[in-house]
Each structure stands twice: as C-alpha cells, then as structure tokens.
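Quick one: the structure is below, questions incoming.
What follows is calculated from the coordinates using simple rules that are stated; it is not laboratory data. Just so you know, these numbers come straight off a predicted model, no measurement behind them. Cβ coordinates were reconstructed from backbone atoms using ideal geometry, including for glycine residues, and neighbour counts include every protein chain displayed.
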Amino acid sequence: MIILVILLILDIFFGSVSISASEVIRAIFTHTNSSFETIIMRFRLPKALTALTVGVALSLSGLQMQTIFRNPMAGPYVLGISSGASLGVAFVILGFSSGINGDSINALGNWILVVASWAGAGAIMILIMIISSKVKDIMTLLIIGIMLSSGIGAVVTILQYFSNETMLKAYVIWTMGSLGNLTEGQLTILLISVSAGVIMSILSTKILNALLLGENYARSIGLNVRFARGAIFSCTSILAGSVTAFCGPIGFIGIAVPHIVRIIFKTSDHRLLIPGTILMGGAVMLISDIISQLPGSENVLPINAVTSLIGIPVVIWVILRNRKFSGSF
Amino acid sequence: MKENSEEILSLDSLSIGYYSGKTENVLLPPLSAKANSGELIAVIGRNGIGKSTLLRTLAGLQQPLGGEIYYNKRNLINYSRMQLAKEVGYISTEIIKVSNMRVYELVALGRFPHTNWIGKIEFNDHKAIMDALEKTSMGSFCDKFVSELSDGERQKVMIARILAQDTGLMLMDEPTAFLDVAGRYEVLHLMRKLSGESQKTIIFSTHDLQMAISQSDKIWLVLDNRLFEGAPEDLMLEGAFNHLFNSSTVIFNSGDGTFSFRNESRGNIFVEGEGNKKYWTESAINRAGFTVSEVKTFPYVTTPSESNNYWRLSTHTGMLEFSTIYEMISYLGKK
C-alpha cells in the first residue's frame, strides 16, 4: 500500500519537464498557480491515476478469467477480449459518430464508447466460453484466442477502409494505447466503472474460490454456476472494456500480474489473491509508466511496448512451467 | 440393522440419462432403492451402464428424466443448491489440478455452504476442517500443495473436503480407481470407518467386486433392465451377480465370490496334500487349463511333505518330480 503511494508520487515526479520533488509535493497540496502546478495537476496526476486504475482493472480481469476458464493463459489481451472491446470502439468511432474526433467526444459520447466497449468484450467472453467448453486444451484455446484477435482485426480493417480520414485518424491514435490522453470526463467515467468492477470482484471472492474446483464440484458445494458465471463475465467485461475504451488495447498486464501475485503469496485463495492483484496491478502499471517516461530524457515510449516487455517473460515462464505440471494453473 | 439407522435417501422409480438435442436418452429404466444412515453402499455395474450418471443425478448435478429422489423424506426438487450442499457431498473421478493450492485451502472449500459472503473461516469452520483432516489422517499435510500429493493422499484429502462439508450422505464416483493396492485398501478402510463411526452414508461406485462384496453393507447392482439391492451375501445367494457375467469367457463362482476363466478343460488332475500347498497347487493347475478332480485317479499330484521335497506328478506311465510349481506347470503346459 505504502509502496503504491510512493510509486504514484514517483510517477508524478518523472516526466519530460524535470520538476523537483519539493515542487511536486507543494503543487499537490497547495495552490501556487505556477506552471509546475498546471503540469502536475492537469497532466501528471490524471495520468498517474489512469495508470493506477488501468493496472488494477486489467490485472483483476486477468485473475478472474484465469480462474473461470481454469487456464493460466487466460487474460483480456491474449484471449481477444481487448480486441472485442476495440471492435466495439471501432464501430462507434468509425461507424456511427461521423464528424467527431478523439478530442471532442462529449460526455454522452464517452458513455456510448465505454458501453460499446463492454459489449464487445462481453461478446468475445461468451464466445470464448462456448469454445472452451468444447476445447479443454490450454494451448488450443490460446491459439483460438489469437485467431479471434486476428479475425476482429480484419473486421476493423474493413471498417477502416470504408471510413473517412478524420475518423480513421482518431481511431489509429486510439489503438496506439495511451494513458495520457484522457479528458477529465473520461477519467471520471473510467474511475466510476473500474470502482464498480473492483467492488464486484471483491463480492465475488467466494464464488471464484469455489470455481477453482471446476464446475461440477463448485455446484456440489452449493454454487449457482450460471449466476456466478454471469456475474464474473459482466465484471470482467466492465473492467477490461472500460480500460480498452479509453486507453486502447494494453497488453500482457492482465495475464502476467496474477501470476506474479501467485508466486509471491503461494496461495490459490482469492481472499488474498484479489487484494494482492489490486495492489500489484497498480504498482506494475505505475512502474511501466515511469519506465515509459524514460527518466532523465525528454522522450516517451509507447506504454504498450513497456507492458509487453514486462509481461511477456512472465507468460513464457508460465508456459514452460506448465509443461512440467501439465494442465495446472 | 444398526441402531438409530433411519432412511436418508430413497429413489422412487427414478429414470436417468441425458438429453441430446430434444431426444431423451434413457440410460437406466426406473430404479427404486433406499439408503439408511451409516451404510456403506457399493454401486456395481458394467462400464457405461450409467453408474456415474446415477451418482451425478443423486448429487443434483443432472436432471432426472423421471421419478423422484428423496433426501430425508423431502423431494430433491424442493432443495435449493445451497441446502442440498449441506445434505450431499460429491467426489467425481475428475482430478483437481490447481497449482499453489494448499491442502488446507482445498478442505476449507468444503465449508462453502457454511461460511459468510466472502468465505471467512470462523473458529468452528477451522475446527471442522482440522477434524476432517485428522479423521482422514492427513493432519500433517495441512500446508502441503495439492499438486505434490500422491494419488492416494489426494483422494483422502478429497474425502476430508466432503467431511468438512458436513453432509450426511457422501457420493463417490470410483474413489479407488487410480490407486495402487495399498492405497485402495487404505481409502476403503477410511470409508468403512466413516460409515461406522461417524454414521455417514457413503454410496460409491467401483469395479472391484471382491472389495465391494467383502466391505460394503449393501450393494446396488445395476443391470440393463433393473437394479438389485441387498446385502452382498443376499445377492450372492440369489445368484444376482451371475447377470453381470453373461460372457462366455468369465465365470463368477458364487461359492467364494471369485472369478475364473471359462477355458476348455485339458483334463482332470487330482491334488493330494494339505493346506496352503494344496490350495496354491490347485490354483496353478486351474490356470494351466486343467480341472481339479475330486477323486484320486491318474494323473495326480502329490505336494511336498515332511518326507518329500518335490511336487510329484504320477501318471499311468510313471512319476515325475519337480522342485517348484513353476517347473511342473511348464511341463504340463508343453504336454
């Protein structure tokens, strides 16, 4: 918790304009009206908050997916949930709201964007669930996830082909993934949806624990599996969908963080895993954001590149480990 | 009958199976049976006859196609899933593979129907979990990971889990299937102990007929067209088991509950001797395809005795001596 606060402040501290630590503290807690304050309050604080929220949301949705699919490779990005969300976004940006661009979407537009994103994510979730009930093999499911992502990519390309230049530009910028481009309204919506998702996750702790045993056992100890699935699906779609709607598809955080937490806590009990994932997800994303600022230089790396470089080694490690204990997660 | 034994489960013309599309696939015709508290009941039947489906239906995991199931004289359909979870525990043949799950956590999941919204383990839950681990003599495994257990240990932990669930009835689908001989007897002994001491009713399916006959209070013998219910000895005397083995190659001996192969006899041999030596010599002669005859005629075998260290095979033409059964059987095999 303390580490998280330190990371949050560190994240605010680093940026392309160097600001001294005392200035940062002063800007947060007092009104100086200096240009530093503007930079911090208008740009860096929202960005750091976004990073925190995104990390929490993606990691939690990854944890839930891994448990409900009983599959260590499940995550919003690899199984195509993020792609599903981006399809929803593509429909909104490229399809319906002609004449708007990324900067001038109004409050209603933001909500439409986020709901479309939820719907896209949810639809892919259900599709994956149907497939995974027929295909038990982890690697097969992973390949199907990749295929789904590519298929959605193709649909998006077709949409792009038929859309005009302004809309295309808005969409392409969105797909690059960014933590810093959110308007105040968008940040509010993101915070509200993710908070709702976090509360739902905490409420579903017991359900997730039961689902570790698989559907039949979960039912035999008294779980209403259909209800449980619906609850967790909507929760995951809200978490992954909201993030994707505003920040673009951000890869590998959702799959990697739950594994890091499992390694540290050495437990499968979600009463520990959920808080652990919330803290770790926030921390990893803040670290990624700090790295992407390239402290000391004026350049900024795309956030997606950083998260991939952090997440992919973890994923490879999990795959290699799985060959030994085949099928366990 | 045991004291305090009361009816815990009854099946009233229950028919089970599954739907594929809109057509009903009835696996078993209407079955009626009963189970009292504290009974160990073995479900016997051929592969694919529907034993697993029967157990799944009893556990409420699958809809019956017809008929009624009563727990404690109350119809299954009147139970909510949570209420049912307090009455019936279930172990399938599915192996739980979760890394980083400790034995304690797995057993603690048995408390699911008893804990609050987040699954907090209160003092009495902890007590029930430790109790279950003690009863299954897995207390020292508490902090081990489930993935590190042997097959037998894992099965005992699964049993501890439904003990912690604190249900009157336990359903187990082939609890001894993956186990070696020692593990099989350990698990069966545990089940025997639980049904006797803790008055749990245990219904389990098995393919080990001899084990079922020697240990269970009751057998549900599932056949294509009906279910025989009764003490193993009753069914034995009724000749019910013969229905299982209508094949031309296996014979069930209702005298001692053993099997033998229906081979064409290669001739009669009488065995002269006593005790173990006579028993195993006869067994070897049977295996070699001969029938052990009741009267002493040629050829006959004399087993080793105080004055003689050899198996002697006497025929019309003379006598041969063998220092082991193996040598004798090899000779008989070539003949």
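According to a simple spin-label model (label point 7 Å from Cα along Cα-to-Cβ), what is the distance in nm between A:Arg26 and B:Lys127?
6.3
Right, here's the next one. Rank B:Gln155, B:Tyr185, B:Pro113 by how far each Cα sits towards the positive end of the charge dipole of segment B:110-190 (+1 on Lys, Arg Cβ; -1 on Asp, Glu Cβ) and give me just the farthest.
Of the options given, the answer is B:Pro113.
Hey, which of these cross-link pairs are over 29 Å Cα-Cα: A:Lys266/B:Lys120; A:Lys134/B:Lys51; B:Lys120/B:Lys218; A:Lys206/B:Lys51?
Table pairs above 29 Å Cα-Cα are B:Lys120/B:Lys218; A:Lys206/B:Lys51.
Something else now. Per the Debye formula with a single identical scatterer at each Cα and no solvent contribution, what log10 I(q)/I(0) holds for segment B:90-212 at q = 0.11, 0.15 Å⁻¹?
Taken in order of the listed q values, log10 I(q)/I(0) reads -0.34, -0.64.
Could you state the principal axis extents of the C-alpha atoms in segment B:7-248, from the largest down, to the nearest angstrom?
For segment B:7-248, the Cα extents along the three principal axes come out at 51, 40, 34 Å.
With a 10 Å Cβ neighbour count serving as the proxy for reagent exposure, in which order, fewest first, do B:Val107, A:Val243, B:Val88, A:Val315 appear?
Least to most surrounded, the residues fall as A:Val315, B:Val88, B:Val107, A:Val243.
Quick one: what Rg and Dmax do you get for the protein assembly as shown from the alpha carbons, in Å?
33.7, 123
If amide hydrogens are placed 1.01 Å from N in the peptide plane, which non-local residues have theirs closer than 5 Å to the one on B:Leu40?
For B:Leu40, the qualifying residues are B:Ile202, B:Asp217, B:Lys218.
Please list, in chain and number order, the residues 5+ apart from A:Phe252 or on another chain whose amide H is under 5 Å from its amide H, with Hs placed from the backbone.
Those lying under 5 Å, H to H, from A:Phe252 are A:Tyr77, A:Val78.
Angle between the Cα long axis of helix B:275-287 and the longest principal axis of chain B, 0 to 90 degrees, nearest 10?
90
Follow-up. Give me the dipole magnitude in Debye, nearest 20, for segment A:2-321 about the Cα centre, with unit charges on the beta carbon: positive for Lys and Arg, negative for Asp and Glu. Let's see the in-between values first.
Details: 16 positive and 11 negative charges, 212 e Å.
Value, rounded to 20: 1020 debye.
Could you work out [θ]222 nm for chain B from helices alone, using -39500 (n - 2.57) per DSSP H run of at least four and dividing by all its residues? Round to the nearest 500 deg cm²/dmol. Walk me through the intermediate numbers first.
On the way: 10 runs with 102 residues, N = 335.
So the helix-based figure for chain B works out to -9000 deg cm²/dmol.
Then there is this: Which one of B:Ser305, B:Gly273, B:His316 has its Cα pushed farthest toward the positive end of the charge dipole of segment B:268-334, where Lys and Arg give +1 and Asp and Glu give -1 at the Cβ?
Most positive-ward Cα: B:His316.
Based on a Kirkwood Rh over C-alpha pairs, give the Stokes-Einstein translational diffusion coefficient of segment A:2-321 at 20 °C and viscosity 1.002 mPa s in µm²/s.
107
Would you mind checking the radius of gyration and Dmax of segment B:268-334 based on alpha-carbon positions, in Å?
Taking only Cα atoms of segment B:268-334, I get Rg and Dmax of 10.7, 29 Å.
Compare the Cα positions of A:Val78, A:Gly281, A:Leu213 along the charge dipole of chain A (+1 at Cβ of Lys, Arg; -1 at Cβ of Asp, Glu; about the Cα centre) and return the one farthest towards the positive end.
A:Leu213
Ok, one more. What whole-number volume per residue, in cubic angstrom, does the convex hull of the C-alpha atoms of segment B:40-101 give? Provide the component values of the computation, followed by the final result.
On the way: hull volume 8.7 nm³, N = 62.
Measuring per residue, one finds 140 Å³ for the Cα hull of segment B:40-101.
Once the Cα atoms of helix A:81-90 and of chain A are each reduced to a long axis, what angle between those two axes, in degrees from 0 to 90 to the nearest 10, is obtained?
Approximately 50 degrees, to the nearest ten.
Ranked by Cβ crowding within 10 angstrom, fewest neighbours first, how are B:Met319, B:Met328 ordered?
B:Met319, B:Met328
Roughly how many Å is it from the Cα centre of segment B:11-70 to that of segment A:171-211, as a whole number?
One Cα centre to the other: 46 Å.
I would also like to ask the following. Just checking the output field for A:209-217: average partner chain Cβ neighbours within 10 Å of each residue's Cβ?
Per residue, the average neighbour count from other chains is 6.
Would you mind ranking A:Phe69, B:Phe322, A:Phe246 by Cβ crowding within 10 Å, fewest neighbours first?
The most exposed by this proxy come first: B:Phe322, A:Phe69, A:Phe246.
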